[in-house]
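In what follows, a structure is listed as structure tokens, so that the remarks can point back to it.
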Amino acid sequence: MKACIVVGTYFSPGQTFVNRHIEKLFGGDTCVISDTLNDLRDTDDRFMGWHSVPVSGVTKPFQRLANHLRHGSSRMPHGAAHRAVRKFLREQAPDVILAEFGPQGVAIAPIANQLGIPVFCYFRGSDASSRIRHDHVQRAYQRMMPRLEGVFAVSQFLLDNLARRDIRHPNAVVIPSGVDVRRFVPEDKTPLSCLGVGRFVEKKAPLLTIRAFAAATQDLDNAHLTMIGDGDLLESARLLVSELGIAHKVSLPGALPHEDVRQHLERTEFYIQHSVTANNGNTEGLPTAIQEAMSAGCITVSTRHAGIPEAVEEGRSGFLVDELDEVAFTNAIRDAVNLPEEKRHEMAAYARAVALEKFDNAKLLTQLEQALATAVNR
């Protein structure tokens, strides 16, 4: 079996799930179509970026309009780029196509149908949340669905979110991105250590997190929070830490390599992430960091947001509160750090067990391969 993976940009270091599919799906027998190829990774003839194909400036606006009317989107290959994608697929001869995000599914599905190649689309977060607030995106997805063999999503929440806009497929399956449970394993935990991983953006509510941690641990001098990541709110977060006088209890190192994140998670007792729906409608799918934290035996304190309740079981592997409820989040952090030692070990072990059962990316990759192979062999 050979798969063609369709992405927006290659190479994107943060898209670990996409990169794993490119490297591991069907033993790595893959080719890649991207909107854009950059120079972060060496590529060969198994990779193409269709934005680099010159197209006629005279006919471009008419072709874009035709695509918008026919497919609901003008952001798809047309003219010479369309022909180049068809040629690439004929030469590479994949058995199946996997579009890793909604917009890529819209772009590739008509071409896949023309060539008789089964095509699937994987929804992961903003492509099934903030994007579908727009009428034209809803139309594009609705027109795409009959062209697909099936749909995958990292959480049931995303499938439900699509269904609320009448975007459905009879062959829709939840397969989380998953993590390498053999690499993310519990080690000796630093007492009262807390960790958050993610960009400092509205969706992660980093300032609320810092305030809640400060209030919850004001009587615990040895409690410590590390928040790894960068983003627009990082400097505001650093200012807040200074204003609250908690620089000795909160570390904000910026973005770190994934290996450093792994080492932090393995030694951390509590994973803290206050995910919320951003003002533009953007949500999580099912955060990879939470899956990694559970695999590493961390007790999670988070929110009833998107797919998080599908992973974290309240009272057994963590604590959940409503979005933007700072008082409840403060209380949840306080309850977590004051757990008796025996209860901490019990919850940490249960989190690890759930990760082994539900988020082992080797098992999930096999599940994905089986679903794709079934479509080819029909």
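The values are calculated or read from the model by the stated rules, or taken from the named source; none is laboratory data. Note that the structure is a prediction, hence the values are computed from the model and not measured. Heads up, the Cβs are rebuilt from the backbone with ideal geometry, glycines too, and the neighbour counts pull from every protein chain shown. For the accessible areas, the whole protein counts, side chains as well, though only heavy atoms, and no ligand, DNA or RNA atoms are used. Shrake-Rupley method; radii C 1.70, N 1.55, O 1.52, S 1.80 Å.
Here are the numbers for the structure shown:
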item	result
Output for region 98-119, where each listed residue is assigned to a helix (DSSP H, G or I), surrounded by fewer than 24 Cβ atoms within 10 Å (Cβ to Cβ) and not hydrophobic (A, V, I, L, M, F, W, C)	Pro103, Pro110, Asn113, Gln114
Selection from region 167-194 of residues that are open to solvent by less than 30 Å² (accessible area, probe 1.4 Å) and in contact with a Lys or Arg (Cβ under 9 Å, 6 or more places away or on another chain)	Pro176, Ser177, Gly178, Val181, Phe184, Ser193
Single residue of Ala278, Ala373, Ala362, Ala355 found to be within 19 Å of Pro206 (Cα to Cα), of a type in the set (Gly, Ala, Ser) and open to solvent by less than 60 Å² (accessible area, probe 1.4 Å)	Ala278
Residue check for Ser317: touching a strand residue (DSSP E or B) at 6+ places or on another chain (Cβ under 6 Å), at pLDDT 95 or above and hydroxyl-bearing (Ser, Thr, Tyr)	no
Test: residue in region 120-128 that is open to solvent by 10 Å² or more (accessible area, probe 1.4 Å), touching a strand residue (DSSP E or B) at 6+ places or on another chain (Cβ under 9 Å) and of a type outside the set (D, E, K, R)	no
Selection within region 187-199 - of a type outside the set (Ser, Thr, Tyr), in a loop (DSSP other than H, G, I, E, B) and either farther than 28 Å from Ile22 by Cα or touching a strand residue (DSSP E or B) at 6+ places or on another chain (Cβ under 7 Å) (or both)	Glu187, Asp188, Lys189, Pro191, Leu192
From the options Leu252, Leu265, Leu208, Leu240, residue that is outside any loop (DSSP other than H, G, I, E, B), touching a strand residue (DSSP E or B) at 6+ places or on another chain (Cβ under 6 Å), on the phi < 0 side of the Ramachandran plot and buried (at least 17 other Cβ atoms within 10 Å of the Cβ)	Leu252
Failed item in (1) surrounded by 16 or more Cβ atoms within 10 Å (Cβ to Cβ); (2) aliphatic (A, V, I, L, M); (3) closer than 21 Å to Arg304 by Cβ, with Ala163 passing the rest	(1)
Total residues in region 129-153, condition crowded, with 24+ Cβ neighbours inside 10 Å and in a helix (DSSP H, G or I)	3
Total residues in region 81-122, condition free of Cβ contacts under 8 Å to residues at least 60 places away in the same chain, touching a Lys or Arg at 6+ places or on another chain (Cβ under 8 Å) and not small (Gly, Ala, Ser)	7
Test: residue in region 309-318 that is open to solvent by 10 Å² or more (accessible area, probe 1.4 Å), without any contact (Cβ under 8 Å) to a residue 24 or more places away in the chain, in a helix (DSSP H, G or I) and closer than 24 Å to Asp335 by Cβ	yes
Inter-residue pairs, beta-carbon under 8 Å, first closer than 22 Å to Gly14 by Cβ and in region 222-244, second among the hydroxyl-bearing types (Ser, Thr, Tyr) and buried (at least 17 other Cβ atoms within 10 Å of the Cβ), 6+ apart	Thr226/Ser193; Thr226/Thr268; Met227/Thr209
Total residues in region 1-24, condition modelled with pLDDT of 95 or more, of a type in the set (A, V, I, L, M) and in a helix (DSSP H, G or I)	1
Cross-chain or 6+ apart pairs with Cβ under 9 Å, region 21-44 first and on the phi > 0 side of the Ramachandran plot, then surrounded by fewer than 20 Cβ atoms within 10 Å (Cβ to Cβ) and assigned to a helix (DSSP H, G or I)	Phe26/Glu369; Phe26/Ala373
Condition broken by Ala293, with the remaining ones in (1) in a loop (DSSP other than H, G, I, E, B); (2) buried (at least 24 other Cβ atoms within 10 Å of the Cβ) satisfied	(1)
Only listed residue being among the hydroxyl-bearing types (Ser, Thr, Tyr), at pLDDT 95 or above and either farther than 29 Å from Pro191 by Cβ or assigned to a helix (DSSP H, G or I) (or both), chosen from Thr277, Thr374	Thr277
Options Val337, Val327; residue that is more than 25 Å from the chain's Cα centre (by Cα), open to solvent by 10 Å² or more (accessible area, probe 1.4 Å) and β-branched (Val, Ile, Thr)	Val327
